[in-house]
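So the structure is just underneath, and the comments pick up after that.
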Number of protein chains: 2
Amino acid sequence: MLPDSRWHRTKTRHPTYINLTYIEKKRFTRNQRNQNQYSLREITMDEFMAAAIAEAEQGLQEGGIPIGSVLVRHGQIIGRGHNQRVQRGSPILHAEIDCLANAGRIGRYDDTVLYSTLMPCYLCAGAVVQFGIKKVIAGESQTFAGAREFMEAHGVEVIDLNLERCQQLMRDFIAQYPQLWFEDIGKLTSKEA
Amino acid sequence: MLPDSRWHRTKTRHPTYINLTYIEKKRFTRNQRNQNQYSLREITMDEFMAAAIAEAEQGLQEGGIPIGSVLVRHGQIIGRGHNQRVQRGSPILHAEIDCLANAGRIGRYDDTVLYSTLMPCYLCAGAVVQFGIKKVIAGESQTFAGAREFMEAHGVEVIDLNLERCQQLMRDFIAQYPQLWFEDIGKLTSKEA
């Protein structure tokens, strides 16, 4: 990537541009545009996942299960949330559900993207499918596989970023509080309940 | 069914019993017991669905979407709820989710039965599958087909009582407030949103 990746946006000519032929200039411009768009998309994706991770970390500080989520529409965060099982004694406020609750009655969801630090479970994936969210970006699916296939079978685009920070949050938490985690995903056995 | 279906419970001899042989008496007693148990189960089922319908009616009185739900464990209602989209401005508090929230952190769900006046949508069915609820009893699925097949594919027993009262509540509501209903199931079009 060129040092100034915002070259195309700022409409100044990149030094390399000067000595190119007309065809090369067209190709250069197109490549720059693509590169910048990709770069912007990368930055945006990281920014939103960073916000979801911040939610997860806030949950952890509150003594809760460290899973965070944000809902994005047209490049803006319109909802944030984190798992509230411990904090609000709520079995249904998984991170994604808390996020959707906080976003409020937004009407349509087909132009939104849901970010979550963990691959959504069936409860949250059910919300994605029912509300018609078209894209889900998950921080990881190593500590919990979630309901990726179910979402994809319903036409949802699912991206797994496989981030170490997200895995670490869950690995540490599950090791320390396994029962709380199994309670959260409805997998307590009769002895534990 | 005999006129006095509570004959076995009250331990009085049914008149028919008197003239039977020993074997016939045994069979008669067993049949009576089965018949009474079936009858009792029917009554119990109606009682819980009646409670779900009462929730739906309460929701309607509050100006909300008339769907109600109860969660039952060992013949006792341990959670009640109704759709809260209008009342609490919540997109995620469908009747079943509100009911599960009100039941609180009960740990395990594999010994519970979820009643709903309407066949659960993917959000609520997702909760059923994730939490491991084994049985769902719906008031109807005529006005909204819901996610019956999804639940059954995950081993959930689903019973549809096909009740006129439940259908009537939804038919009247959808006719009067179609947009509110389509918003609730994530089916608003771009023009309506």
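The values are calculated or read from the model by the stated rules, or taken from the named source; none is laboratory data. Quick caveat, the model's predicted, so the values are computed rather than measured. Here the Cβ is made from the backbone with ideal geometry for all residues, glycine too, and neighbour counts use every protein chain on show.
A compact table of results
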{"quantity": "Number of the exception - A:THR112 against (1) in contact with a helix residue (DSSP H, G or I) (Cβ under 9 Å, 6 or more places away or on another chain); (2) free of Cβ contacts under 8 Å to residues at least 40 places away in the same chain", "calculated": "(2)"}
{"quantity": "Counted residues, region B:75-129 - those being farther than 17 Å from A:LEU100 by Cβ, more than 16 Å from the chain's Cα centre (by Cα) and basic (Lys, Arg)", "calculated": "2"}
{"quantity": "Enumeration of residues in region B:159-180 that are within 14 Å of another protein chain (Cβ to nearest Cβ) and not in a helix (DSSP H, G or I)", "calculated": "B:TYR177"}
{"quantity": "Qualifying position, being within 20 Å of B:GLY186 (Cα to Cα), buried (at least 16 other Cβ atoms within 10 Å of the Cβ) and within 8 Å of chain A (Cβ to nearest Cβ), among B:ARG108, B:ARG85", "calculated": "B:ARG85"}
{"quantity": "Residue within region B:136-147 that is within 8 Å of chain A (Cβ to nearest Cβ) and of a type in the set (A, V, I, L, M) present", "calculated": "yes"}
{"quantity": "Residues of region A:116-133 classified as closer than 22 Å to A:LEU163 by Cβ and either assigned to a loop (DSSP other than H, G, I, E, B) or out of contact with any helix residue (DSSP H, G or I) (no Cβ under 9 Å at 6 or more places or on another chain) (or both), total", "calculated": "6"}
{"quantity": "The one condition in (1) surrounded by 21 or more Cβ atoms within 10 Å (Cβ to Cβ); (2) in a loop (DSSP other than H, G, I, E, B) that B:THR143 fails to fulfil", "calculated": "(1)"}
{"quantity": "Check on A:GLU62, in contact with an Asp or Glu (Cβ under 9 Å, 6 or more places away or on another chain), of a type in the set (Asp, Glu) and at pLDDT 95 or above", "calculated": "no"}
{"quantity": "Matching residues in region B:62-77 - criterion: being outside any loop (DSSP other than H, G, I, E, B) and closer than 17 Å to B:LEU93 by Cα", "calculated": "B:GLY68, B:SER69, B:VAL70, B:LEU71"}
{"quantity": "Qualifying residue in region A:137-153 (condition: under 30 Å from B:GLY89 (Cβ atoms) and basic (Lys, Arg))", "calculated": "no"}
{"quantity": "Tabulated pairs, region B:136-148, first touching a residue at least 40 places away in the same chain (Cβ under 8 Å), second charged (D, E, K, R), C-beta under 8 angstrom, 6+ apart or interchain", "calculated": "B:GLY139/B:ARG165"}
{"quantity": "Any chance A:GLU57 is among the charged types (D, E, K, R), touching a residue at least 60 places away in the same chain (Cβ under 8 Å) and more than 12 Å from chain B (Cβ to nearest Cβ)", "calculated": "yes"}
{"quantity": "Verdict on A:GLY132 being in contact with a strand residue (DSSP E or B) (Cβ under 8 Å, 6 or more places away or on another chain) and touching a residue at least 12 places away in the same chain (Cβ under 8 Å)", "calculated": "no"}
{"quantity": "A:GLU183 being touching a residue at least 40 places away in the same chain (Cβ under 8 Å), among the acidic types (Asp, Glu), part of a helix (DSSP H, G or I) and within 14 Å of chain B (Cβ to nearest Cβ)", "calculated": "yes"}
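Every residue, every condition in (1) within 13 Å of chain A (Cβ to nearest Cβ); (2) without any contact (Cβ under 8 Å) to a residue 40 or more places away in the chain, yes or no:
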site	(1), (2)
B:GLY79	yes, yes
B:GLY89	yes, yes
B:HIS94	yes, no
B:SER116	no, no
B:CYS121	yes, no
